[in-house]
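Notes follow the structure.
Bear in mind these aren't lab numbers, they're just calculated from the coordinates by the rules spelled out. Every value quoted in this text rests on a predicted model; they were computed, and no experiment measured them. Virtual Cβ from ideal backbone geometry, glycine too; neighbours counted across all protein chains shown.
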Amino acid sequence: MKVLIANRGEIAVRVIRACRELGFPTVAVHSDADRAALHVLFADQSVEIGPAPSSKSYLRIDAIIDAARTTGAEAIHPGYGFLAENALFAQACIDAGMLFVGPSPDSIRAMGSKTESRQRMIAAGVPVVPGLSEAVASLSEIEAFAAEAGFPVMIKASAGGGGKGLRLVERKEDLSNAFERVKSEAKSFFGDDAVYAEKFIASPRHIEVQILGDQHGNLIHLGERECTLQRRHQKVVEESPSPVVDEAMRERLGVTAVQAGRAVNYYSAGTIEFLMGEDGDFYFLEMNTRLQVEHPVTEMVTGVDLVKEQLRVAQGGTLQLSQDQVRMSGHAIECRIYAEDSSRNFAPSPGLIRYLNLPQGPGVRNENGVYQGYTVPIHYDPMLSKLVVHGSTREEAILRMKRALSEYRVEGIDTTVPFHSFIMDHPEFRAGRFDTGFIEKILPSLNESLAQGTASFDAAVAAAAISAFEQSQNVQLPHAQDSAWRRAGRLEALGRGTR
Amino acid sequence: MKLVARYGGANIPIEVQREGSGYAVTIDDRTMHVDLVSAGPALKSLRLDDGRQYLLAHHQHGDQHEVSFGETTVHLELVDPLTLKRKRVEDESGAGATITALMPGRVVRLFVAAGDRVEKGTPLLILEAMKMENEVQSPREGVVKTVHVEAGQTVDNGAELIEVE
């Protein structure tokens, strides 16, 4: 079965790997900015589908279906993001006579609208967070809800996901600005400016359950993932199992998640996200009707290859295991490595990767989407890769992650590697005591820790000064008024680009 | 050879001398005895005389140096003492502020035009990179002298955006 991957970056590479293990040929698609991207180089075949902006390439249903037709692809895997939760896309694949590697368009549609999914969950007896169950037409409706439910409230894009298109509002006077900003982001990222609002649960944890089903009515859960560590509502570190979930709670979460999946006749891999209050009560937040970014932590503790299961299920196969065959072993942690400068308020840092060394050794897995010499483009999500470790206990996994991060070297652009290292060292993280506000809370001390001691500073200055000294010995003075220094700098700049 | 390292607003005197197969480097009043070898195209290994060592990446653009240890990156400027004197004069005479892009990105919206009066913190424009909208604010009060960009334009890291004086 030839499979086209309608995505880019590390997830496209991940899917290609699964296909290869199953003996399926692969087709990559790409924008004109991505001709040399890793996923394109990695695939057996590739097709250019449009210009750099996602709206003209990775979000173009017609161009992707055309690419599948011309290459003879029999199945399309959407990855996550882009068209992964677009029911029209799933339907278009089916209409073109191809398999969509994911759930049915009906399941996507039901869960894709956050407002409709809430109604479906309420009907199925799954607990939900108090909020507006319909998209609002005007600011005044949100104001009325906020007055009734009380602040803080969260304004969300109905078509949103992945942490984009939402704002937390603490005060009445900020509502209007947040409303406009979310609408604008919703329009540009999801092509739909519908928004709604819900009550914000204080000090919550974000815990999600992986479910997996086939087209023959089998639906199981693969335990939970702890995804509480978030920044700007974007997950940063995920782990499985959660340090606060015991066997009894795992059972309750799992049963509720399967119940939620059954309510929309779910098959393939999916994730039910819950918000858990300090009291251990949990509420349905949303369902991601696709493979999740953090799926590897579940794979590491259960030994199930979720992507291969998705591919088998799409072909009409049955699940490889039943609920009582699911065993969780050890502990897995994932760090998302972003092209962002953690010392400069996480400013995006696209550009040329001059040097890359990925960690190796026992229990280390890289889900990597870039390479040395690759230029990270400005057009897409800043996630470069995911670093995943597995250990026999949470303690071992944390120390292993810390060790792996110390091997991670990316030169040329800034990444969140130092930030992750800081988190792994944090006593509250090590103790498993945190909520979704944890990252914001520890950021001030992050900046102190990055401001570093004199030993490495002296070494840095010495290395730079020695290089300058060597240049002054080697380079002849070309003009009387121009220093050797400046000329050396210019030569360097010509040879190495402008950064 | 004498140099001055400019780092975080401070000027630190440096002296480098060859010493056998290595170097003696004096930073302020601290002298280190080190050797430095290339470890592939991108990396260098710096070793102190007590055996402690650092694997670092050094990159240079003119007088600007970037030295990274993986977890920490130090940005500094190395100049000769004469150049420093000239720079000081330039710093004192410069009256306006040029706002530059701190990242490559696309200008999605402009809030000001030439002639507009702005306060410190007034939003000037929105720069979008990697799916995030970032508001660029005026670092000082004054009048917008020049707007170098237009909405929709893609800019590089360090590109001049707006001048305020």
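Miscellaneous remarks
- Least to most buried among A:His420, B:His148 (fewest other Cβ within 10 Å first): B:His148, A:His420
- Cross-link reach is defined here as a Cα-Cα straight distance under 30 Å, omitting same-chain residues fewer than 8 places apart; for A:Lys199 the lysines meeting it are A:Lys114, A:Lys156, A:Lys164, A:Lys172, A:Lys183, A:Lys187, A:Lys235, A:Lys441, B:Lys131.
- Helix B:81-93 and the longest principal axis of the C-alpha atoms of chain B enclose an angle of approximately 20°.
- Global size of segment A:1-70: 11.1, 32 Å for Rg and Dmax (C-alpha atoms, Rg to one decimal, Dmax whole).
- Looking at segment A:375-451, none of the GluC sites (Glu not before Pro) sits in a DSSP loop with at most 13 other Cβ atoms within 10 Å of its own Cβ.
- Helix-derived mean residue ellipticity, 222 nm - over the protein assembly as shown, DSSP H n ≥ 4, -39500 (n - 2.57), to 500: -9500 deg cm²/dmol
- For segment A:381-404 versus segment A:47-62, the spacing of their alpha-carbon centroids is 33 Å.
- Net charge of neighbours whose Cβ lies under 9 Å from the Cβ of B:Val164, counting Lys and Arg as +1 and Asp and Glu as -1: -1
- FRET efficiency for B:Asp116 and B:His33, using Cβ-Cβ distance with R0 set to 51 Å, rounded to 0.05: 0.35
- Peptide B:97-110 has a mean of 3 when you count, residue by residue, the C-beta atoms of other protein chains within 10 Å of its C-beta.
- Across all Cα atoms of segment A:64-113, the radius of gyration (one decimal) and Dmax (whole number) stand at 10.4, 33 Å.
- Among residues other than A:Leu399 with Cβ under 12 Å from its Cβ, the summed charge is +2 (Lys and Arg +1, Asp and Glu -1).
- In order through segment A:316-324: 3J(HN,Hα) via Karplus (6.51 cos²θ - 1.76 cosθ + 1.60), integer Hz, x for Gly, Pro: x, x, 9, 4, 6, 8, 9, 4, 6
- Nonlocal amide H pairs with A:Arg231, under 5 Å, H built at 1.01 Å: A:Val236
- Within segment A:43-65: backbone nitrogen closer than 17 Å to the A:Tyr371 label point (7 Å, Cα to C-beta): A:43-47
- FRET efficiency for the pair B:Val143 and B:Gln17, taken as 1/(1 + (r/R0)^6) with r the Cβ-Cβ distance and R0 = 35 Å, rounds to 0.10.
- The modelled label-to-label distance for the pair A:Glu396/B:Thr154, using points 7 Å beyond Cα in the direction of Cβ, is 4.7 nm.
- Rounded to 10°, Cα long-axis angle of helix A:9-22 versus longest principal axis of chain A: 60 degrees
- Converting the Cα gyration tensor eigenvalues of segment B:2-79 into ellipsoid dimensions via √(5λ) gives semi-axes, longest first, of 19, 18, 11 Å.
- Convex hull volume of segment A:33-75 per residue (C-alpha atoms, cubic angstrom): 72 Å³
- Cα shape, chain A, gyration tensor, a/c 1.5 rule: prolate
- Annotation: segment A:157-279 has a Kirkwood hydrodynamic radius of 16.2 angstrom, from the mean reciprocal C-alpha pair distance.
- Using a cutoff of 8 angstrom between alpha carbon atoms and counting only pairs six or more residues apart, the relative contact order for segment B:81-164 works out to 38 percent.
- Per residue convex hull volume, Cα atoms of segment B:38-165, in Å³: 164 Å³
- Chain A: relative contact order as a whole-number percent, Cα under 8 Å and 6+ apart: 12 percent
- Cα→Cβ-extended label distance, 7 Å offset, between A:Glu440 and B:Leu84, nm: 4.3 nm
- Loop-located GluC sites (Glu not before Pro) in segment A:87-185 (DSSP state other than H, G, I, E, B) with a sparse environment of at most 12 neighbouring Cβ atoms within 10 Å: A:Glu170.
- Relative exposure of A:Met121, A:Met287, judged by other C-beta atoms within 10 Å (fewest first): A:Met121, A:Met287
- Estimated D of segment A:1-151 in µm² per second, where Rh is the Kirkwood radius over Cα pairs and Stokes-Einstein applies at 4 °C, 1.567 mPa s: 76 µm²/s
- Rounded, prolate or oblate (a/c below 1.5 giving rounded, otherwise prolate when a/b exceeds b/c) for segment A:250-385 by Cα gyration tensor: prolate
- Label-point gap, in nm, between A:Gln259 and A:Asn345 - each point 7 angstrom along Cα→Cβ: 4.4 nm
- Fewest-first ranking of A:Val153, A:Val29, using other Cβ atoms within 10 Å as the exposure measure: A:Val153, A:Val29
- The long axis of helix A:139-149 is offset from the longest Cα principal axis of chain A by roughly 70 degrees.
- The Cβ shell under 13 Å around A:Phe274 holds other residues with a net charge of -2, Lys and Arg each +1, Asp and Glu each -1.
- Those residues of segment B:141-164 whose amide nitrogen sits under 20 Å from the label point placed on A:Ala52, 7 Å along Cα→Cβ: B:148-162
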